[in-house]
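The values are calculated or read from the model by the stated rules, or taken from the named source; none is laboratory data. Computed from a prediction, not measured in an experiment: that's the story for all the values here. Counting neighbours? That spans all protein chains shown, and the Cβs are built from the backbone with ideal geometry, glycine included.
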2 protein chains.
Amino acid sequence: MQSLLELRHLKTLQALRDAGSLVRAAQLLNLTQSALSHQLKVLEDQYGTPLFERKSLPLRFTAPGERLLTLAGQVLPAVDAAERDISRQVQGVTGSLRIAVECHTCFDWLMPAMDIFRPRWPEVELDIVSGFHADPVGLIHQSRADLAIVSEYDASESVDFHPLFQYEIVAIVANDSPLASRSFVAAQDFADQTLISYPVPDEMLDIMRQVLTPAGIKPARRSTELTVAMLQLVASGRGIAALPLWAVQNYLERKYVSAVKINAQGLFGKLYATCSAETSQRPYLADFVSMTRESCFLTLPGITLL
Amino acid sequence: MQSLLELRHLKTLQALRDAGSLVRAAQLLNLTQSALSHQLKVLEDQYGTPLFERKSLPLRFTAPGERLLTLAGQVLPAVDAAERDISRQVQGVTGSLRIAVECHTCFDWLMPAMDIFRPRWPEVELDIVSGFHADPVGLIHQSRADLAIVSEYDASESVDFHPLFQYEIVAIVANDSPLASRSFVAAQDFADQTLISYPVPDEMLDIMRQVLTPAGIKPARRSTELTVAMLQLVASGRGIAALPLWAVQNYLERKYVSAVKINAQGLFGKLYATCSAETSQRPYLADFVSMTRESCFLTLPGITLL
DNA sequence: GATTAACATGAAATGAATTCATGAACGGGT
DNA sequence: ACCCGTTCATGAATTCATTTCATGTTAATC
């Protein structure tokens, strides 16, 4: 009758609470739903009590479940802290993490992620390489950045790619637009529209790169830096935009504008963190990547981890 | 590069510190020395640093090793506490643990063990059934005791046995006795001696039961309640005693008396905790047994866990 | 009533931890 | 100095636990 509780179980319980369901928790942990189900069953058998109510949404934990979550809350941060301390003892970690971004919306999740990172690695110089760069990988080679957030995986580059997440990009149209009631829009629907976008080159926009350019369609363009401004233009009938679903969810719920799927299968943007092989070794890099994935998964609605 | 640190590893590290060597730590954990060696190697590879110095005695930990020990010190008690809380939530634990002992020396380790137990299970009524009983198992059947400490394993009894530990029983003789220089003594050597013992029936003394009675030897007896008094009698040449090595270690180091092995293979006393099947289920019972084994192993010199 | 989403479950497969069987290194004793 | 006993390391085999796969069940939704 030995305790077979392990840190793994505590992590599962926390993920379950944070993610709200076994399926989502499993994504967070890079495991299958089945694995978690088995794991929890073992624990419940061991303690002779259920740990959470399966039916209810939101998920509710039983008293023993809550007790284990409390335990996880004391234990897991302590473990994290200890492992970071050891990293410091072994290789005096005093590096830098200068991040280059090529997409505007990235800031929405990058800032919170950086805020979590900073106190965890106080001695790492954390920075954003200002401006939007068409070739962020170049910045890494020139040592002007340590990490770049990019939307394409290119195995041929001599850098490491760390998958982050995937999100759906939807067409944003005025509520009274004829497109608003369509089940999806295709490339041709953009032909006679003004595409409202961020002020970046074509090849940095997923909608151009993945949909319009391949179809040979080059709509009029109008650009602005701010997402709200783009939505204002759309709402007032000046054109159509293509934005991440998570970035506009709030406005959709308030029916400020309408969203339509792009193509029958939908259009998806992917994000990777890329850095030199050397940077990949740094303990804080792995921490940054996994922490970012986690915090994005928990805060951005409708994303999928890669 | 996920953290593969688990509670198991923290337990190993603590056992290593407490036991002072891999071999002893392995006994404490019911594992082989090899298992621990592999476990630690994995950790050291993971962190890229040794965790302790192998050569030095007493064992020394490196800074990262110490850091993990600190972590273990915060984490493991918290885990213990959480699991006890859950036991209470699941089955309101409000039982009793009345312990019957048949051997005098047992008190030496039983008291400290009880002192550790009490704060861990405040709601369990902890007691010693006073007096020495020839048939402690009977007390269990009569519900006059919940747990008995016995020295023989008898599978035919309708009670559960929980092995505790094994210790060597040595013959204690005066320093100037001719027996003192022998490499061991046998049954015949007791024939013309006075056996100094606790005031209990023959069948409760290992030396009688296992050595003298089988050989048909029945020496004169003289008895006293106190171990020191027995040693005093031996030292002044009044006879010979047979006592657990761990109980007399102090006196041997001060050369107050001499110890001699009994028979070529040595004489070993074994101890088991026995209780009803029902009592075995109680969560605090398992805790008492494992805690007792551990505390005895760490404090009594020269014992082996069963 | 079909359809989707979430969880459970048994069997198979994977993978990790442990043991077994050694070998090397160290530290007394004689 | 040389054995002898002890401790730890190591590679291969084994055992054991965890995870996945494939599928079943249930509940909620349109």
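Here residue B:231 qualifies as of a type in the set (A, V, I, L, M) and not assigned by TED's automatic domain parsing to the domain that holds residue B:117. For the range B:91-110, filtered to residues that are at pLDDT 90 or above and more than 21 Å from residue B:144 (Cβ to Cβ), the residue that is surrounded by the most Cβ atoms within 10 Å (Cβ to Cβ) is B:109.
If you go through the range A:39-87 and keep only what is within 12 Å of DNA strand C (Cβ to nearest atom), of a type in the set (Ser, Thr, Tyr) and within 21 Å of residue A:295 (Cα to Cα), you end up with nothing.
Counting the residues of the range B:74-94 that are closer than 15 Å to residue A:67 by Cα and facing another protein chain (nearest Cβ under 7 Å) gives 9.
Only one of B:54, B:67 is over 28 Å from residue B:306 (Cβ atoms) and either near DNA strand D (Cβ under 8 Å from one of its atoms) or under 23 Å from the mean Cα position of the chain (by Cα) (or both). Can you tell me which? That would be B:54, the only listed residue that is over 28 Å from residue B:306 (Cβ atoms) and either near DNA strand D (Cβ under 8 Å from one of its atoms) or under 23 Å from the mean Cα position of the chain (by Cα) (or both).
Every condition in (1) at pLDDT below 90; (2) surrounded by 14 or more Cβ atoms within 10 Å (Cβ to Cβ) holds for residue B:155 except the one numbered (2). With respect to being among the charged types (D, E, K, R), in a helix (DSSP H, G or I) and within 16 Å of DNA strand D (Cβ to nearest atom), residue B:41 fits the description.
When residue A:80 is tested against the conditions (1) over 30 Å from residue B:91 (Cα atoms); (2) more than 28 Å from the chain's Cα centre (by Cα); (3) surrounded by fewer than 17 Cβ atoms within 10 Å (Cβ to Cβ), the lone failure is (2). The residues on offer are B:152, B:157, B:168, B:203, and the sole one that is among the charged types (D, E, K, R), within 19 Å of residue B:271 (Cβ to Cβ), touching a residue at least 60 places away in the same chain (Cβ under 8 Å) and assigned to a helix (DSSP H, G or I) is B:203. The residues of the range A:41-73 that are of a type in the set (A, V, I, L, M, F, W, C), over 14 Å from residue B:90 (Cα atoms), out of contact with any strand residue (DSSP E or B) (no Cβ under 8 Å at 6 or more places or on another chain) and within 14 Å of chain B (Cβ to nearest Cβ), listed by number, are A:71, A:72. Whether a residue is closer than 30 Å to residue A:283 by Cα, within 16 Å of DNA strand D (Cβ to nearest atom), not basic (Lys, Arg) and not in a helix (DSSP H, G or I) was assessed, and residue A:13 does not pass this test.
Listed conditions (1) in a loop (DSSP other than H, G, I, E, B); (2) in contact with a strand residue (DSSP E or B) (Cβ under 9 Å, 6 or more places away or on another chain); (3) farther than 30 Å from residue A:224 by Cβ are all met by residue A:92, apart from (2).
Checked against (1) assigned by TED's automatic domain parsing to the domain that holds residue A:286; (2) of a type in the set (Gly, Ala, Ser); (3) in a helix (DSSP H, G or I), residue A:100 meets all criteria but (3). From the list B:195, B:179, the one residue that fits, being assigned to a helix (DSSP H, G or I) and not hydroxyl-bearing (Ser, Thr, Tyr), is B:179. So, residue A:122, is that one assigned by TED's automatic domain parsing to the domain that holds residue A:289 and over 19 Å from the mean Cα position of the chain (by Cα) or not? Taking the combined requirement at face value, the residue satisfies it. Residue by residue through the range B:17-38, note down the ones that are in a helix (DSSP H, G or I) and either near DNA strand C (Cβ under 8 Å from one of its atoms) or within 13 Å of chain A (Cβ to nearest Cβ) (or both). Selection gives B:26, B:28, B:29, B:33, B:34, B:35, B:36, B:37, B:38. Filter the range B:283-297 for residues that are of a type outside the set (Gly, Ala, Ser) and modelled with pLDDT of 90 or more and give the result. B:284, B:285, B:287, B:288, B:289, B:291, B:292, B:293, B:294, B:296, B:297 - these are the residues of the range B:283-297 that are of a type outside the set (Gly, Ala, Ser) and modelled with pLDDT of 90 or more. Before we move on, is residue B:107 in contact with a helix residue (DSSP H, G or I) (Cβ under 8 Å, 6 or more places away or on another chain) and either more than 10 Å from chain A (Cβ to nearest Cβ) or charged (D, E, K, R) (or both)? The answer is no for residue B:107. Of the residues A:56, A:87, the single one that is more than 26 Å from residue B:7 (Cα to Cα) and small (Gly, Ala, Ser) is A:56.
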